[in-house]
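Accompanying notes for the structure given below.
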Amino acid sequence: DQQVKQNSPSLSVQEGRISILNCDYTNSMFDYFLWYKKYPAEGPTFLISISSIKDKNEDGRFTVFLNKSAKHLSLHIVPSQPGDSAVYFCAASDSGGSNYKLTFGKGTLLTVNP
Amino acid sequence: NAGVTQTPKFRVLKTGQSMTLLCAQDMNHEYMYWYRQDPGMGLRLIHYSVGEGTTAKGEVPDGYNVSRLKKQNFLLGLESAAPSQTSVYFCASSQSTIGELFFGEGSRLTVL
């Protein structure tokens, strides 16, 4: 049973536009959420996180929104840049963010076209 | 600043062979992890360590063993490789149990 779902395997946007990557979860005990970005032939790198006590967290061009009632979070990238082209993984934890309790989604491949 | 280094980067094994993947981190992190990534799947935790001399099972530990004899190193062993263990393996480390994971570049293993 997939507890963290990224239903869009891929997303293509134009440079300068907004990219919205979505993530749904089924475990109501999840209380900490993260996004990781991965370029080909590299390991994932941390992007942004949010605790369940918040509904929004912003870091530069990246904003994560959390809708607990819908068990849904989204990552907004504004404006999108070609260098943002990568696979984005959503991850969730049910132990205040313990890394060994992280459940990852399958990832969404974002392509930003110049 | 090397961060997290994995060796080897690529390896081809025959079924039944054994091998060890080495992960080294130079950030003095307490916590280290081994993940595997398969096509169409997210990262899955194999084993992890909360400090030197400790190891614990993750989500998919079967067929793997690990050791953390030194704080900076975390070894992942395959005792008898199977085709189902064909995957990309990522090592990661973190300063605390909560917070950013730092990943290595990955090791692509093919078992024929």
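All of the numbers you see were taken from the coordinates with simple rules; none came from a lab. In this text, all values refer to a predicted model and were calculated from it rather than measured experimentally. Methodologically, a virtual Cβ is constructed for each residue, glycine included, from the backbone with ideal geometry; neighbour enumeration extends over all protein chains shown.
What to note about this one:
- With a 10 Å cut-off around each Cβ of A:87-93, the average count of Cβ atoms from other chains is 1.
- For chain A, modelled as a GNM whose springs connect Cα atoms under 10 angstrom apart, the maximal fluctuation among A:Phe65, A:Phe33, A:Phe46 occurs at A:Phe46.
- Sorting the segments A:25-32, B:31-38, B:8-15 by their mean number of nearby beta carbons within 10 angstrom, highest to lowest, gives B:31-38, A:25-32, B:8-15.
- Peptide packing for A:98-109, A:5-16, B:95-106 was compared via the average number of neighbouring C-beta atoms within 10 Å per residue; ordered from the highest value, the list is A:98-109, B:95-106, A:5-16.
- Per residue, the average separation of C-alpha pairs within less than 8 Å and at least 6 apart gives chain A a relative contact order of 36 percent.
- Average beta-carbon neighbours from other chains, 10 Å sphere, peptide A:103-109: 4
- When the listed pairs A:Lys101/B:Lys14; A:Lys101/B:Lys57; A:Lys37/B:Lys9; A:Lys56/B:Lys57; A:Lys106/B:Lys70 are checked against a 22 Å cut-off, the alpha-carbon distance exceeds it for A:Lys101/B:Lys14; A:Lys56/B:Lys57; A:Lys106/B:Lys70.
- Charge dipole of the stretch A:28-114 about the Cα centre (unit charges at C-beta), most positive-ward option of A:Tyr39, A:Ser49, A:Met29: A:Met29
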